[in-house]
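Scroll down for the structure; my scribbles are underneath it.
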Amino acid sequence: MGNCPTCSSEYVSKSLDPVCNGTRMWTTFLFSSLVVLFTGSIIICISEAFQKLSSKWRTRHPTRTKNVRHLQSPRHESPDNDDDITTIHEFNRLNEIKNWQNNFISGQTILGKIFLTAAQNKRYFWFSLYSLVDIFTIPPSLMTMYLNRSWTGFRFLRAIPIMIIPDILQYMYVIKQPRTIRISQLASKFIAILFVTGGFVHLAENSGDFFCNFCNAQEIDVFNSVYYMIITMTTVGYGDISCKTYIGKSFVLLTLIGGLAVFTTMIPEFSSLFRSKDPYASRYHRVKGKRHVIICGHITPHSLAAFLRDFLHQGRDEVDELEVVIMDKKTPDIEMEALLKRYYTKLQYFVGSIMNVVDLQRIQVNKATACLIIANKECADPNSDDSANIMRVISLKNFNHHIRILLQLLRYHNKLNVVSIPGWSTDNDEIICISELKLGLIGMSCVAPGFATMMTNIFRMSSYDARKSQQMTQIWPWRDLYYRGAGMKLYLEEMPSSFYGKSFVETALICFKLHVMLLAVEMERSDENDLARMIVNVIPCDNCIILPGSRAFIVCMSNEEANRVKYYCSICYPVLDNLTESQLKQMRKCSHEEINVKLEEEIPIRTQPFDFSENEHAIVRISDTNVTQPLLSSQFEQIHSSCKNCYKTLSKEDISSFDSTGMFYFTPPRNIEDAILDTNVLREYRSEFPEQRFAHEETMPSKHPLYFQDHIIVCLHADDTSPTIGLRNFVLPLRASSFRRHELPTIIFVTDLCYIRREWDMLSTFPDIYILNGSPINPYNLKLISIHDCRQCVIMSTVDRGNLDTYLVDKSSVLCALTIRQIQMKRVGLLSQYSLTGRGRVNQYITGTKLLRQNWINTLTTLTIDSNVQYVEQGHTDEVDLQFFLTTPFASGTAFADSVLDCILSCAYYNVNAVNLLRNILVGGIDVELEDILAEGKRFTQCKSPEMFQKRKRARVALVAICNLIPDIDTRSDPVTFSSLFCISLEYHRMVVMGIYRLLDVLLKRDPNWKGNQSINDQKRIVIYYPPYDYHMDRTDMVYVMQHSHLEDD
């Protein structure tokens, strides 16, 4: 070899290693490793060739092999295939070796090389990275003992196995968390690269270039070599150390190219892993004196913002001592982080899974007050989402048997899977079925339009502060009047001893004088098993009196007003008519409570209905402005007979009209073909008699009605692949036995026949239900079933749930609403005016308003995404940024969104029986037989016992025109106020007046901010719940009333 041109002659003659005696034997050490490498390769190739030849020979001579095997082991039966024997023996041998291999967590020993025999691909194993490390390090070590000489060589390659340290730690259960495992993997890889590259620089610089006769070597230790590679790959380069050999310089150049690529990918991942430690991967630390509630399930910024706005409202009693802990597997995005900052004093977010026990320990589930599980209302597969939430319940109950769980489910039939979970308590835990409540509210809105708006506003928490001067006047901006009613809240308060022994009517009147509204009473009753249960009575009958331990469901503006019921004392306030607002605010708990408690021992049980005319010492006296003139119409007869004695035996025909629970009307199961409307017959009837309706209906033979009036149309967008939504929950309020038979409206489903077949088994026992097979967007289909004469048209959709664009999820419902609007405008001729004439908006409004009023179609559009309400009714551009419950479509009861149901979940946490209250209003209460039928998906059966008929007598909701209650409202000298209407309705008719349904144009005429030249919809009404006491009624108003049903005339 030649000398390096950069080295002097003196340096060339100098030897850095005197022991070498001028002779270097590094090639001998390197050659030993190469011999082992190639020898092993040859042996592996020979063994593989031998195995192939042996396999071919066995396949060519199978009989001879069998005979030999039989001679060797005659007592054992041999398999039919010798390959199976070989495979079994080979499999057993490999398993024994692998089991023995588990005793070695490192393969760097000589015994560890036995792993080669257990490898499936021996050639790949021989040339693997860790095998090459052993080949180039172990043979040179053996040559050191033989030659009695040492060579630095490739000993630095022993640093490569550092990368398997994370695997060893996992094997020993030292590290378990994914984040810790990933950090250890990156750290071991980083250290291994530094030591290997530093070791090569150490070898190259201390040895010198072999092609320069090793004349350019320099002494450098291992520490400085690693230090040099660190400052080089981090591009710092202080210059205090540098490579002098050409091999070292070339290696550094190649290392920079690959090392920079490796480190630029590792460092960002390092930073993200360390940054994610706080606060989402930490442990929840409970604050002394505070309770925490866990929220999990479907967590998105949209769903969580609406829920937290109601759950953490300042009007809640316990919100100050409550903290919310959210656990989800997703790391919060920017929108979620903004929401967390908004509630940073009340909210903590943790990344994890409810199914993981370690994560449950992190958020201290064993000390949590409750866990709320939110369902994904936008999912395409409801059953899959319910199954995931049920698994979360199992995990929670398995970890903490006593934790209270409030669970949202999308489908009713999945309730059965929850009730059977060990630890589930029907008294403490609650299941909130989205389809049951949603379809029930929509169905009740067909009985009383706007009812869903009114009830969801009661369950939702909102704030409204009315001006004192405004309370005493009739000048209300219509939005403020609606906001005031929407600001009412539901409270559950203990009833003091002053109410004990009083009837519901007396109690409701007292509460009304305290400026709160009583909806229901929670009382303790014994069930069929003689077990004490809390029963919610909505507008109970007259023989129901208030007992000790009863609690009242009241609606009022604030918690201070709700406390008036709790602090009421009949001794301190013998007369309530003259109490001022300041006196009501000063009500506090008095010292007469002990005196009243002593009077509880003997409470007279009233057997006759309460009669105010015979009671000279009535606490509440009603003074109407004109007492000589009756406030209510005589057609609403006063009820004097006790509800307990109003039962009478029915004939068999009457009993056969009801189901086995006595709560709904029944008809023998019908085939779906008997309910399908014949479009050809309807088309022929409409073409022959386009205007005359009933006169010629009998001349055309048909098994179905040809003309419909005051019916309900359900425009259901679905196909054969759509999941079922449980339409029976929609029909139940419309077929309640609390109504009379002639009050039941006909229901027509306009949908795909393949879809309705899957739902028909649950609908076949209800009377007067028909199906029109076709698209709801086709206007001709809607005209065939007389959409202009319908009571209500409901628009629902189960398609487009999997659409990635959330604005397109409700496209079918929006298009159907526009189609109905087109039908309405085309009927009165406004569509041609708008499209063909050049008249302005004012002229169009003046010419068409009367026709629109006569041909108005009441619609209710259900939405999945509440922001899509802007497309349902165009023209409300100022409502784009408003919350859904403040928009005009929701205030008028023409739109409903799934997001408003989240308020029921939060209300159920604070009021234990709030969901039972809503179920009582929708379907008449909780019945064991009814729960089994609905949960198991069974049909209703016919009523067999007349005793079930007593269940007909329950609370019912109605929307009554005030002109029917007060025919002479226009001729009265003094206006009728809401206070007088409420008191007289409750006293003489046992009806609780909940609110009014007023025309928008009447509200706008009293709105000081309204401009008279603005066009309005004359038929649109606004739901106003619990208006001010002195607010004047209008002759066009409709009144929401709730009354205990008295059906003696049936």
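The values are calculated or read from the model by the stated rules, or taken from the named source; none is laboratory data. None of these values were measured; they are calculated from a predicted model. Ideal geometry is used to build each Cβ from the backbone, glycine not excepted, and the neighbour counts take in all protein chains shown. We work out accessible area using only protein heavy atoms, side chains counted, and drop any ligands, DNA or RNA first. Shrake-Rupley method; radii C 1.70, N 1.55, O 1.52, S 1.80 Å.
Show me 707-716, 569-578 ranked by packing, highest mean number of other Cβ atoms within 10 Å first.
Order by mean packing, descending: 707-716, 569-578.
Say the dipole of region 953-1049 comes from +1 at the beta carbon of Lys and Arg and -1 at that of Asp and Glu; which of 984, 973, 1042 then lies farthest toward its positive end?
Going by the charge dipole, the pick is 1042.
Given H placed on each backbone N at 1.01 Å, which residues far from residue 995 in sequence or on other chains put an amide H within less than 5 Å of it?
Here the answer is 1026, 1040, since their amide H atoms fall under 5 Å of that of residue 995.
Over region 177-288, with every protein chain in place, what whole percent of the accessible area is carbon and sulfur at 1.4 Å, could you tell me?
Carbon-and-sulfur percentage of accessible area, whole number: 67.
Lys/Arg Cβ at +1, Asp/Glu Cβ at -1, dipole of region 117-239 taken about the Cα centre: which of 232, 190, 222 is farthest positive-ward?
190
Per residue, how much accessible area does region 326-366 show when a 1.4 Å probe rolls over the protein heavy atoms, in square angstrom?
Value returned for region 326-366: 55 Å² of accessible area per residue.
Report residue 57's accessible area, 1.4 Å probe, all protein chains in place, as a number in Å² to the nearest 10.
Here the accessible area works out near 120 Å².
Once you've got the Cα coordinates, tell me which of 122/244; 415/703; 346/397; 189/346; 288/415 are over 32 Å apart.
Correct reply: 122/244; 415/703; 189/346; 288/415.
Per residue of region 403-417, in order, report the coupling 6.51 cos²θ - 1.76 cosθ + 1.60 (Karplus, θ = phi - 60°) as ³J(HN,Hα) in whole Hz, putting x for Gly and Pro.
5, 7, 10, 10, 10, 9, 10, 8, 10, 5, 5, 7, 5, 4, 5
Explain nothing, just compute: Karplus ³J(HN,Hα) = 6.51 cos²θ - 1.76 cosθ + 1.60, θ = phi - 60°, for every residue of region 164-177 in order, whole Hz, x for Gly and Pro.
Once θ is set to phi - 60°, the couplings for region 164-177 become 8, 4, x, 5, 5, 5, 5, 4, 8, 6, 7, 10, 10, 6 Hz.
Considering only the other residues whose Cβ falls under 11 Å of the Cβ of residue 249, what net charge follows from Lys and Arg at +1 and Asp and Glu at -1?
Combined, the nearby Lys, Arg, Asp and Glu give -1.
Could you give the accessible area per residue of region 129-259, probe 1.4 Å, as a whole number in Å²?
Dividing the accessible area of region 129-259 by its residue count gives 53 Å².
Considering only protein heavy atoms and a probe of 1.4 Å, how much of the accessible area of region 953-1049 is carbon and sulfur, as a whole percent? Don't skip to the end; give the middle numbers.
Details: 1510 of 3330 Å².
The computed percentage sits at 45.
Based on alpha-carbon centroids, what's the gap between region 856-935 and region 735-788 in Å, whole number please?
Centre-to-centre (Cα) distance: 22 Å.
So how do 481-492, 396-407 stack up, highest first, on mean other-Cβ count within 10 Å? Walk me through the numbers on the way to the answer.
Details: 481-492: 23.0, 396-407: 18.6.
Per-residue mean Cβ counts within 10 Å order the peptides as 481-492, 396-407.
Determine ³J(HN,Hα), in whole Hz, for all residues of region 556-567 in sequence, where each value follows from phi through the Karplus function 6.51 cos²θ - 1.76 cosθ + 1.60 and θ = phi - 60°; x replaces Gly and Pro.
My calculation for region 556-567 gives 7, 7, 8, 5, 5, 5, 5, 5, 5, 5, 5, 9 Hz in order.
Give the long-range amide H neighbours of residue 658: residues separated by 5 or more places, or on another chain, with amide H under 5 Å away, using H modelled in the peptide plane at 1.01 Å from N.
Here 666, 943 satisfy the definition.
If packing is taken as the mean number of other Cβ atoms within 10 Å per residue, what is the order of 340-346, 767-773, highest first?
Highest to lowest by the protection proxy: 767-773, 340-346.
Longer than 29 Å from Cα to Cα, which of 513/589; 938/1020; 438/489 are they? Say none if no pair is.
Distance filter (> 29 Å) returns 938/1020.
Scan around residue 860 for amide H atoms under 5 Å from its own, H built in the peptide plane at 1.01 Å from N, and keep only partners 5 or more places away or cross-chain.
Here 793, 794, 795 satisfy the definition.
Only Lys, Arg, Asp and Glu count, each charged at its Cβ (+1, +1, -1, -1), so figure out the dipole size of region 953-1049 about its Cα centre, rounded to 20 debye.
I would put it at about 380 debye.
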